[in-house]
């Protein structure tokens, strides 16, 4: 009986099926490249994909309300360049203050999008497309045809190498990733704001009738997305030891892909923090594995796309089979 119950839980959960896919990928890659499942390799993988993993949390919320944001890496570039230039010209060196500035810049960028989408009733894809070009242009204006190299960053570049936040056990970047996921898991599962986000995405009209201020929720969600993008702007500067106006160009698609792989609905109302985490980890594993198994750099994006598509199709087919089984059980 207990065994059947466990099987039902696994087959009835999208997250559980994703976890099986992730474990399967890791086993295959470990067989092909024995150096994959080492502590250093896994730490480097999470650190190098931390930006995608953190922004996936914001994108989860945006997709849950039925929106989308393709301007996130442009927001990241603005905040990252601001941090880089402040360090380059010796204006500010305090790490906490630099992160705070980056988050505030991101919040302003996100709030501007939120106002246009919620108050102006502009389609999210149109609004964020416009802001994508505006914010990327701002990044180039801040740069003024310059960039901040490792030698300009001083002690800030060491932030991604140290373990102060993790009490000497965890890398600072990995600690921030874990902290973000713990906070979002608690907020989305137990807070009123989290429930309102799901309600707005599931049925906006019903949510409005029940007294939820849908415009306020949308504004909050896009502002939070901006804050996470700003945080990731500062993190990117630390992780990659440079600040350039074209940083992470095009990576917004990886963030959206991570959410879609994780089972977040593009039409809103369905998705979980656990799903976003698993989707991000699957992407991170794929990105780490392709060079390790000897895939040529020219075709890596093609192979990556095929694997992502295969994972999504496999997950969707498995879920449909599970739903059919569950329906049959109910009919019986």
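Quick one: would you say residue 183 is loosely packed, with under 14 Cβ neighbours inside 10 Å, at pLDDT 95 or above and closer than 30 Å to residue 166 by Cβ?
Considered against the rule, which asks whether it is loosely packed, with under 14 Cβ neighbours inside 10 Å, at pLDDT 95 or above and closer than 30 Å to residue 166 by Cβ, residue 183 comes out as yes.
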Inset, instruction - Take region 87-98 and flag every residue that is farther than 10 Å from residue 237 by Cβ and either free of Cβ contacts under 8 Å to residues at least 24 places away in the same chain or part of a helix (DSSP H, G or I) (or both). - result: 88, 89, 90, 91, 92, 94, 95, 96, 97
Legend entry - Candidate set from region 30-43 (those that are in contact with a helix residue (DSSP H, G or I) (Cβ under 8 Å, 6 or more places away or on another chain) and surrounded by fewer than 16 Cβ atoms within 10 Å (Cβ to Cβ)); member that is farthest from residue 290 (Cα to Cα): 43
Inset, instruction - Scan region 124-147 and give yes if some residue there is at pLDDT 90 or above, crowded, with 20+ Cβ neighbours inside 10 Å and not in a helix (DSSP H, G or I), otherwise no. - result: no
Legend entry - Enumeration of residues in region 202-232 that are in contact with a helix residue (DSSP H, G or I) (Cβ under 6 Å, 6 or more places away or on another chain), over 28 Å from residue 49 (Cα atoms) and in contact (Cβ under 8 Å) with a residue 40 or more places away in the chain: 204, 214, 215, 217
Legend entry - Scope region 263-274; condition over 11 Å from the mean Cα position of the chain (by Cα) and crowded, with 23+ Cβ neighbours inside 10 Å; matching residues: 263, 264, 271
Legend entry - Some residue of region 251-264 being in a loop (DSSP other than H, G, I, E, B), touching a strand residue (DSSP E or B) at 6+ places or on another chain (Cβ under 9 Å) and closer than 20 Å to residue 76 by Cβ: no
Legend entry - Failed item in (1) surrounded by fewer than 22 Cβ atoms within 10 Å (Cβ to Cβ); (2) touching a residue at least 24 places away in the same chain (Cβ under 8 Å), with residue 151 passing the rest: (2)
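How many residues does region 27-56 hold that are part of a helix (DSSP H, G or I) and either under 25 Å from residue 157 (Cβ atoms) or within 13 Å of the chain's Cα centre (by Cα) (or both)?
17
The values are calculated or read from the model by the stated rules, or taken from the named source; none is laboratory data. These numbers come from a predicted model, not from an experiment. A quick note on method: Cβ atoms are made from the backbone with ideal geometry, for glycine too, and the neighbour counts reach across all protein chains shown.
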